[in-house]
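The block underneath contains the structure these notes are about, expressed in structure tokens.
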Amino acid sequence: MLDKNHPLPLYHQLKQTLRERIEQGEWKPGQRIPSERELCETYRVSRMTVRQAVTELVNENLLWRDQGRGTFVSKPKIQKLLSRLTSFTEDMRARGKQAGARVLRLELAPAKPAVAHALQIAENQPVVLIERLRLADDEPVGIETSHLSFERCEAILHEDLSRSLYELLTSKFGQFPTHAEEQLEAAACSAHEAELLGVRRGTPVLSIKRTTLNQELRPIEYVESTYRGDRYVFYARLSVDHP
Ligand code: GLP
């Protein structure tokens, strides 16, 4: 029960209590939590207190509101270690999820300046462009637009890109992604991205640009991707430089 004489405000105590119910697994991801009215009755607090506690948990992405349907426990985010070069498929496999892709575009396209610069080729030189909606257990979590340039890379146009690109590159094309440089930025998703990702326009997303090098340290892939901010958390292990 909440303690009205405690120095912590009631909404804060309620927030802690609700958080515990989620973290201890009493309320599972995807489950609807009791209504505001029910929470008022259970904890003997005002509607304002309940609303404030729930709103803060929504802002922290632990809960989400579905207009008219209620408030639900969010699914845990996909954790991604920044220092390891992995494919989307590997990331999902490590989390026990099924990786998938819906191919939106697969074509030869002239390299725009940023692509040409990253791949160290001339502007407008044709590159293989692959735009894919990435799925985790059939849920859309990101959009990846890869540009490929290496000898005979056009053959990839005839491949099934709903599977892992990196597996294809290594098994069929002798191209092993060994290093990559990545840049992360916060962004608001466009109307087009919002529709594909099934979120509202303007929802926060992570915009990532990656240049991938092969075993000879040649750039073979330049990717622009957009991942749902509510489904991803990136982390890094840091250490001080040794003298
Ligand atoms: C990650 C990278 C992309 C890369 C993709 C390949 O998501 N950010 O740059 O293209 O993996 O994944 P897969 O091998 O599953 O197609």
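Points to keep in mind about this one:
- Selection status of Q98, at pLDDT 90 or above and on the phi > 0 side of the Ramachandran plot: no
- Tabulated pairs, the stretch 214-243, first charged (D, E, K, R), second in a loop (DSSP other than H, G, I, E, B) and modelled with pLDDT under 95, C-beta under 6 angstrom, 6+ apart or interchain: D230/N61; R231/K77
- Wholly within the stretch 83-189, strands (runs of 3 or more DSSP E) carrying at least 1 residues that are in contact with a strand residue (DSSP E or B) (Cβ under 7 Å, 6 or more places away or on another chain) and buried (at least 19 other Cβ atoms within 10 Å of the Cβ): 99-110, 126-136, 139-148
- Looking across the stretch 190-217, the residues that are touching a helix residue (DSSP H, G or I) at 6+ places or on another chain (Cβ under 9 Å) and assigned to a loop (DSSP other than H, G, I, E, B) come down to V199, R200, R201, G202, T203, N214.
- Within the stretch 31-47, being outside any loop (DSSP other than H, G, I, E, B) and either of a type in the set (D, E, K, R) or in contact (Cβ under 8 Å) with a residue 12 or more places away in the chain (or both) holds for R32, E36, R37, E38, L39, E41, Y43, R47.
- The residue list V127, V115 contains one member that is over 25 Å from the mean Cα position of the chain (by Cα) and within 16 Å of the ligand (Cβ to nearest atom), which is V127.
- Yes/no for Q52 being surrounded by fewer than 16 Cβ atoms within 10 Å (Cβ to Cβ), not in a loop (DSSP other than H, G, I, E, B) and not charged (D, E, K, R): no
- Pairs with Cβ under 8 Å, 6+ apart, first in the stretch 74-97 and over 23 Å from L168 (Cα atoms) and in contact (Cβ under 8 Å) with a residue 12 or more places away in the chain, second assigned to a helix (DSSP H, G or I) and within 13 Å of the ligand (Cβ to nearest atom): I78/D91; I78/M92
- Check on V103, touching a Cys at 6+ places or on another chain (Cβ under 8 Å), at pLDDT 95 or above and within 14 Å of the ligand (Cβ to nearest atom): no
- Residue match in the stretch 74-88 (condition: over 30 Å from I130 (Cβ atoms) and at pLDDT below 95): yes
- Only a single criterion out of (1) farther than 22 Å from P177 by Cα; (2) within 12 Å of the ligand (Cβ to nearest atom) is not satisfied by K80, namely (1).
- Here V58 fits the description: farther than 25 Å from T212 by Cα, assigned to a helix (DSSP H, G or I), under 22 Å from the mean Cα position of the chain (by Cα) and not hydroxyl-bearing (S, T, Y).
The values are calculated or read from the model by the stated rules, or taken from the named source; none is laboratory data. This structure is a prediction, so every number in the text was calculated from the model and none was measured. Every residue, glycine among them, receives a Cβ derived from its backbone with ideal geometry; neighbour counts consider all protein chains shown.
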